[in-house]
Amino acid sequence: MIRGEFIPPAPARDPTVYKTMESLPTVILKPGEADRIVAGHPWVYHGAILRLTAQAGDGEMVQVKDHRQRLIGTGFYNSRSKINVRVLAPERVEVDAAFFEQCIRTALTLRQRHLPGATSFRVVNAESDFLSGLIVDKYEDVLAIQISALGMEKRKDRIVAALQKIFSPRAIIERSDVASRQFEGMTEANGVIAGEFSGRLTVNLNGLGFETNLLGGHKTGMYLDQQTNYQAVSEFAKGAQVLDCFSFLGGFGLHAARAGAAQVHLLDQSAEAVKAALRNAGANGLQRQITAEAVNVFDWLKANTTTKPHEKLLPKFNLIILDPPSFTRNRASVPDALRGYKEIHVRALKLLQPGGVLATFCCSHHVNSQLFQDTILSAAYDTRKVLRRVATYWQSLDHPIIPMIPETEYLKGFAFELVR
């Protein structure tokens, strides 16, 4: 994944700035709680705090010290959140427009290095770019921001100013319509906050155009974290009969069609997404290869794998893609999620021809790669199938993984060839 460390801006030399920093309220951590922060994780939970040296305003800056009074970082404080402090840097920094500009430029350099041809990508990925609570996505000449931390919300004007200076975008929209904002004491926000924009835009991913509603689509409009995987999975598509489950705007399906698939069938519960995917197929000259249904994918898989007594199911697909939304938002729901994952894999394997490929993904960080693979192999055992793993996937490089921040590693996937 992306390597390289965040290099914070050099501390200002103005002595008045140092005086301000020294006068910040100090959060003293309990013994043993500093190691995780020193290692790079930015979240300080309420239970890790020994005491505050002075009252701290919600959304304001504090400095964090270990129980021996050694400085280990500065960040935003919020008493209303379980995450009481979101650390921004391991040393004293002024969080002004220049700070955001330098941080965003550092993040942009990484994307330009690892995705040099991309015109749409994630510019800032919150914790993995050391800007906890801030996401910035670039869709061609429009930027979408999502703010989930009160400290970032209070400095939105500085963030917008930095983005305008760096990108000169046609418009900046806000997609802060996430439920997690309530835990920070904020309401949801959605709309154009700079420039003019109707909401619809054609986004280029790997040379294919996707009509997208940035003001109403999933996440901030699209699944940019699958950008490189769309291309990688399509390498198994030439001449294949393809089933793309949970297809959304047709990301995997259109890439498979362009790669030479004989036929691609899209399944998604959203009728609006299916219509958009078919429009995208037509706009890219792929309409002859693509069919689609607006249907509950679980119901479709069940209906197409249910047989009468003594009736044999004849599998007809050479490539099946499973890219469902997250089945779990917390650890307590993991067992139920695993049952859901197993169910769709049991059904998919029954529809896959020997020699065919199952490309499958999980986007919950609560389900790690080993647990996800074990679930797939359990489905293979129940269906008496033998699989050969031929590829491993993870999120695109504009969604960096910081190993010391497990929450940044959420998307995992595999391609399995059906041996028999």
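The values are calculated or read from the model by the stated rules, or taken from the named source; none is laboratory data. Bear in mind that the values here come from a model prediction, so they are computed numbers and not experimental data. With ideal geometry, Cβ positions are generated from the backbone for all residues, glycine too; neighbour counts draw on all protein chains shown.
With respect to A194, is the statement that it is in the same structural domain as C103 (by TED's automatic domain parsing), within 21 Å of T106 (Cβ to Cβ), buried (at least 17 other Cβ atoms within 10 Å of the Cβ) and in contact (Cβ under 8 Å) with a residue 24 or more places away in the chain true? Taking the combined requirement at face value, the residue does not satisfy it.
Looking at (1) surrounded by 15 or more Cβ atoms within 10 Å (Cβ to Cβ); (2) assigned to a loop (DSSP other than H, G, I, E, B); (3) not basic (K, R), can you tell me which one L314 breaks? Tallying (1) surrounded by 15 or more Cβ atoms within 10 Å (Cβ to Cβ); (2) assigned to a loop (DSSP other than H, G, I, E, B); (3) not basic (K, R), L314 fails exactly one: (1).
For the range 110-159, the tally of residues that are charged (D, E, K, R), free of Cβ contacts under 8 Å to residues at least 40 places away in the same chain and either outside any helix (DSSP H, G or I) or not assigned by TED's automatic domain parsing to the domain that holds E184 (or both) stands at 2.
Of all residues in the range 188-207, those being of a type in the set (S, T, Y) and farther than 21 Å from N284 by Cβ number 1.
Kindly indicate the residue of the range 166-193 that is in a helix (DSSP H, G or I) and charged (D, E, K, R) and also nearest to V123 (Cα to Cα) among those meeting that condition. Once the filter is applied, the top-ranked residue is R181. Filtered by the rule that a residue be modelled with pLDDT of 90 or more and under 17 Å from the mean Cα position of the chain (by Cα), the range 171-180 gives E174, R175, S176.
Give all pairs with beta carbons closer than 6 Å in which a residue from the range 246-263 that is within 13 Å of N284 (Cα to Cα) meets a residue that is of a type in the set (D, E, K, R) and at pLDDT 95 or above; count only pairs at least 6 apart in sequence or on separate chains. If the second residue must be of a type in the set (D, E, K, R) and at pLDDT 95 or above, the pairs left are G253/D244; A259/K238. Among the residues of this structure, S333 counts as one that is part of a helix (DSSP H, G or I) and either in the same structural domain as N229 (by TED's automatic domain parsing) or touching a helix residue (DSSP H, G or I) at 6+ places or on another chain (Cβ under 6 Å) (or both).
Each residue in the range 268-305 was checked for being assigned to a helix (DSSP H, G or I) and either within 17 Å of I344 (Cα to Cα) or under 27 Å from the mean Cα position of the chain (by Cα) (or both), and 19 of them qualify. Kindly indicate whether A162 is out of contact with any His (no Cβ under 9 Å at 6 or more places or on another chain), among the small types (G, A, S) and in a helix (DSSP H, G or I). Taking the combined requirement at face value, the residue satisfies it. Condition check: surrounded by 14 or more Cβ atoms within 10 Å (Cβ to Cβ), touching a Leu at 6+ places or on another chain (Cβ under 6 Å) and in contact (Cβ under 8 Å) with a residue 12 or more places away in the chain. Does I172 satisfy that? Here the answer is yes, as I172 does meet what is asked. Does any residue of the range 340-363 turn out to be buried (at least 19 other Cβ atoms within 10 Å of the Cβ), touching a His at 6+ places or on another chain (Cβ under 8 Å) and under 21 Å from Q263 (Cβ atoms)? Yes, the range 340-363 contains at least one residue that is buried (at least 19 other Cβ atoms within 10 Å of the Cβ), touching a His at 6+ places or on another chain (Cβ under 8 Å) and under 21 Å from Q263 (Cβ atoms). In summary, R389 fulfils each of the numbered conditions (1) outside any strand (DSSP E or B); (2) modelled with pLDDT of 95 or more; (3) of a type in the set (D, E, K, R) with the single exception of condition (1). When the range 74-104 is filtered for residues that are assigned to a loop (DSSP other than H, G, I, E, B) and either within 15 Å of G133 (Cβ to Cβ) or of a type outside the set (S, T, N, Q) (or both), the ones remaining, listed by number, are N78, R80, S81, K82, P90, E91, R92, V93, E94, V95, D96.
Just one of (1) buried (at least 17 other Cβ atoms within 10 Å of the Cβ); (2) under 26 Å from the mean Cα position of the chain (by Cα) fails for R80. It is (1). Scanning the range 206-228 turns up no residue that is within 30 Å of A359 (Cβ to Cβ), in contact with an Asp or Glu (Cβ under 6 Å, 6 or more places away or on another chain), surrounded by fewer than 17 Cβ atoms within 10 Å (Cβ to Cβ) and not aromatic (F, W, Y). Would you mind stating whether G151 is under 14 Å from the mean Cα position of the chain (by Cα) and at pLDDT 95 or above? Answer is no for this residue.
Residues considered: D157, D137. Of these, the only one that is modelled with pLDDT of 95 or more, acidic (D, E) and touching a helix residue (DSSP H, G or I) at 6+ places or on another chain (Cβ under 8 Å) is D137. Screening the range 137-162 for residues that are among the charged types (D, E, K, R), more than 15 Å from V192 (Cβ to Cβ) and touching a Ser or Thr at 6+ places or on another chain (Cβ under 9 Å) and picking the one that is surrounded by the most Cβ atoms within 10 Å (Cβ to Cβ) gives K138.
For the range 342-380, a tally of residues being closer than 20 Å to K238 by Cα and part of a loop (DSSP other than H, G, I, E, B) returns 0.
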